[in-house]
1. Quick one: net charge around residue 315, please, counting Lys, Arg +1 and Asp, Glu -1 for every other residue with C-beta under 15 Å from its C-beta.
2. Among (i) 77, 33, 17; (ii) 35, 27, 19; (iii) 46, 26, 16, which is the computed semi-axes √(5λ) of the Cα gyration tensor in Å?
3. To the nearest 10 degrees, how steeply does helix 252-266 sit against the main Cα axis of the chain, on a 0 to 90 scale?
4. Give, in nm to one decimal, the length gained when the segment between residue 139 and residue 296 is fully stretched (0.36 nm per residue of separation minus the Cα-Cα distance).
5. With respect to the cross-link table entries 67/93; 55/98; 98/138; 78/100; 209/305, which display a Cα-Cα separation exceeding 20 Å?
6. What is the spin-label model distance, in nm, from residue 160 to residue 120 if the labels are put 7 Å beyond Cα along the C-beta direction?
7. Under a crude label model (7 Å from the Cα following the beta-carbon direction), how far is residue 170 from residue 62 in nanometres?
8. Given springs between every Cα pair under 10 Å in a Gaussian network model of the chain, which of 178, 56, 143 has the largest fluctuation?
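Values quoted throughout were computed directly from the atomic coordinates according to the rules given, and no laboratory measurement underlies them. What you are looking at is a predicted structure, and each value in this text was computed from that prediction instead of being measured. Ideal geometry is used to build each Cβ from the backbone, glycine not excepted, and the neighbour counts take in all protein chains shown.
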Amino acid sequence: MKRKRRIKKKFIIFSIIGLIIILGIIILVMFLFNKKDFKVTLSDDLDIEINSLVKVSSLIDEIDNGKLVDDIDIDTSKLGEKDISIKIDVDGKKEDYKFKVNIVDTIAPELTFNEEVYTTVGDDIDLLSNVEVTDNSKEDIDVTLDGDYDINTVGEYNLFYIAKDSSGNETKKEFTLVVEDNVERTSKGFVIENRDGVTYIDGLLVVNKTYSLPSWYGDGLTSETQSAFNEMEADAKALGLNIYISSGYRSYSTQDTIYNNYVKVDGQKEADTYSARAGHSEHQTGLAFDLNSIDDSFTYTDEGKWVNANCYKYGFIIRYPKGKDDITGYMHESWHLRYVGEELASKLYNNGDWITLEEYFGITSEY
């Protein structure tokens, strides 16, 4: 009887072990049967420009049965083949996936320069001083000069700037060297002319602390200035706005009196920040005037805001923009307009970020 019980007990144990094995096989088969294989389809182009901003996701066209865990930035700082390792989420389990990319440099350097460079006969000029070079490689690149010229002979010379990076990408750009006989120009190449004591730059009359007018100049607002204002005033009125000229033309003697009165009150140093000395006032040109209240309160009125955003359409500029005191020599005056014509006014408006005449022409405004 004991032997039968032992046999029966062994049978039960083996049966349980067998059952466990069978269950394990079933579970394994089910796991293998239900396990999903993921597939990553990469972009056809795995060449990446050096120092560009690229995320892994931009290189993956599709992931079957999974999704990207972290959309990492790829380090593109060095040329050559690079291993990329990412994680793919497959039903909650993170699987490794690796591929290679190639960091390349196929972009040529960019050159910034003046297309026309002016100098006078015999002057020693550094033709490389006005050119700047940038490149996606962020390496230091030397610019070379190609072409012949004679600094002692008047004429125009077509020359080239050449920049080449270490990957062999090359940029070659043409510019013109103009050798003239004693022509005065601004730092940006605009011709300066003096006609009977009146300064014209690129044909435009210019008055500031550097350039003055003779005492005899001027007799009122020019017809062009008045006509342009009349049109602007009418358009403003149609919108329910009231703009008017509070101070227009001023003669040399009138400005002299105004300026000296300010000096008596605030001293010359302070007066020079908001009032022009005689002969240096734009009011004497007949091309400038002050609007409405002639103080900073005008800036915040509906009229002041409209004038700032629209005066260029009529050929006017805000002559002394905010934040340009060190350039113009005068504090911000939202009420002071200067007529320059619609073409130049549109350039100086600069989408609302006003450029001064000093900046545009490359001139100073200093006593």
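1. Overall, the nearby charge balance is -3.
2. (i)
3. 60 degrees
4. In short, 51.7 nm is gained.
5. Checking Cα-Cα distances, 98/138; 209/305 exceed 20 Å.
6. Placing both labels 7 Å along Cα→Cβ, they lie 3.3 nm apart.
7. 4.5 nm
8. Maximum among the listed residues: 56.
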